[in-house]
Amino acid sequence: MLSALNAPGCRRHPWLLLLPKEEREGGGGSGGGVGQRQSQQRAGGGSSMPRAGCKSAGSWSKGTGGPEPGQISLVVFIGLLFTRFWFFSILYSIWWYLDQDKPRQGGRCSKALQSWVMWKHMRDYFPISLVKTAELDPSRNYLAGFHPQGIMAPGAFVNLCTESTGFSSLFPGIRPHLIMLPFWFRVPFFREYLMMGGLVTSDKESIAHILNRKGGGNLAAIIIGGAQEALNARPGAYTLLLRNRKGFIKLALLHGAALVPMFSFGENDLFDQVENSPGSWLRWIQDKLQKTTSFSFPLFHGRGIFQYSFGFIPYRQPITTVELFPRGEGRGAVFTARQNQRKEAS
């Protein structure tokens, strides 16, 4: 399962340093077939395309991009103001103001929403699966680094925000929270849906709240590459943004949380993207927009409803998300002690 991260011509994946030596050199044994899986032909048969090696670059961004339901929620909220039901928007505005800190305080997860049957249909469409390689102690808190971002990260959403792949059965006693840009929690109505799915804001205080919960059993998942990495998402290759993105590791050390690497094979195979190689005019514009707005604007397409040549529905490609071995347990106390010693010395 690790062969895609340890492939010839690929820069050494930093998460491999957290694994035992024999697994770093051997690529994880028999599980390597997951990483070496060839992409299936999108129209239902034909040639296949092998995966390429990965590359590393970039700095840490704060979360994932946002989906279209947020825009619909905003239109509904404004539209109600011009109908006889205007008072619903007014009452919600009051509630919104009083509840504005909730997305930074762990949200309000709903098992009923996470167990909707529609998520099973979404899982089966690709299909999406979750592979467990190690136990997670429910008495501890964890910080997961998720790779890659892809275009829309359905693997992260389905595995961590729904019960369709059986997360609670695989990891009993662990409550997952997916990190998302704070902007989307300012969208009326949509913010409630996000929190019910277990999503929280990417603010440092939000992550600290989860990692500091007493009793353990909490997992905060960060998509390391974020919006910028989406500009590199295309079938057959993994280009990961990792360099200088170490803030999440510092948070794990500071709060005594163990690090859990997660890799989602097939995440980049769902859409084709217009050529935007570094140095091109299109990439220059996209980089400028991303730095200004914190959102990336990849020009992508998938398939249609009744045809396979063009549309914005993702291709039906398998996604296999693998949870790797947690590392770093017990180091938070040492880090905190050193911080206190420095403060006393100063």
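The values are calculated or read from the model by the stated rules, or taken from the named source; none is laboratory data. Please read all numbers here as calculations on a predicted model, not as lab measurements. Positions of Cβ are generated from backbone atoms using ideal geometry, with glycine treated the same way; all protein chains shown enter the neighbour counts.
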Would you be able to say whether some residue in region 228-247 is under 30 Å from Tyr97 (Cα atoms) and hydrophobic (A, V, I, L, M, F, W, C)?
-> no
Answer from Thr133, Thr165 - the residue that is more than 17 Å from the chain's Cα centre (by Cα) and touching a residue at least 24 places away in the same chain (Cβ under 8 Å) | Thr133
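Within region 71-87, which residues are farther than 13 Å from Arg191 by Cα and touching a residue at least 40 places away in the same chain (Cβ under 8 Å)? Lay out the reasoning, then the answer.
Here is the first cut: in region 71-87, the residues farther than 13 Å from Arg191 by Cα are 75-76, 78-87.
Hit for region 71-87 is Val76, nothing else.
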What number of residues in region 130-140 are modelled with pLDDT of 95 or more and either out of contact with any helix residue (DSSP H, G or I) (no Cβ under 8 Å at 6 or more places or on another chain) or assigned to a loop (DSSP other than H, G, I, E, B) (or both)?
-> 0
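Every residue, every condition in (1) modelled with pLDDT under 90; (2) surrounded by fewer than 23 Cβ atoms within 10 Å (Cβ to Cβ); (3) farther than 21 Å from Glu163 by Cα, yes or no:
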{"position": "Tyr193", "(1), (2), (3)": "no, yes, no"}
{"position": "His209", "(1), (2), (3)": "no, yes, yes"}
{"position": "Gln228", "(1), (2), (3)": "yes, yes, yes"}
{"position": "Ala237", "(1), (2), (3)": "yes, yes, yes"}
{"position": "Leu241", "(1), (2), (3)": "yes, no, yes"}
{"position": "Lys246", "(1), (2), (3)": "yes, yes, yes"}
{"position": "Ala252", "(1), (2), (3)": "no, no, yes"}
Pairs where the first residue, in region 111-126, is in contact (Cβ under 8 Å) with a residue 40 or more places away in the chain and the second is part of a loop (DSSP other than H, G, I, E, B) and surrounded by fewer than 10 Cβ atoms within 10 Å (Cβ to Cβ), C-beta under 6 Å, 6+ apart | none
Pair list, Cβ under 8 Å, 6 or more apart: region 297-311 residue touching a residue at least 60 places away in the same chain (Cβ under 8 Å), other residue of a type in the set (S, T, N, Q) and part of a loop (DSSP other than H, G, I, E, B) | Pro298/Asn276; Arg303/Ser309
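One line per residue, one yes/no per condition, for (1) part of a strand (DSSP E or B); (2) more than 30 Å from Ile94 (Cα to Cα); (3) among the β-branched types (Val, Ile, Thr):
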residue: Ser206; (1), (2), (3): no, no, no
residue: Gly216; (1), (2), (3): no, yes, no
residue: Ala227; (1), (2), (3): no, yes, no
residue: Leu251; (1), (2), (3): no, yes, no
residue: Gly256; (1), (2), (3): no, yes, no
residue: Leu259; (1), (2), (3): yes, yes, no
residue: Ser264; (1), (2), (3): yes, yes, no
residue: Glu275; (1), (2), (3): no, yes, no
Which of (1) buried (at least 22 other Cβ atoms within 10 Å of the Cβ); (2) aliphatic (A, V, I, L, M); (3) without any contact (Cβ under 8 Å) to a residue 24 or more places away in the chain is the odd one out, the single condition Leu289 does not satisfy?
-> (1)
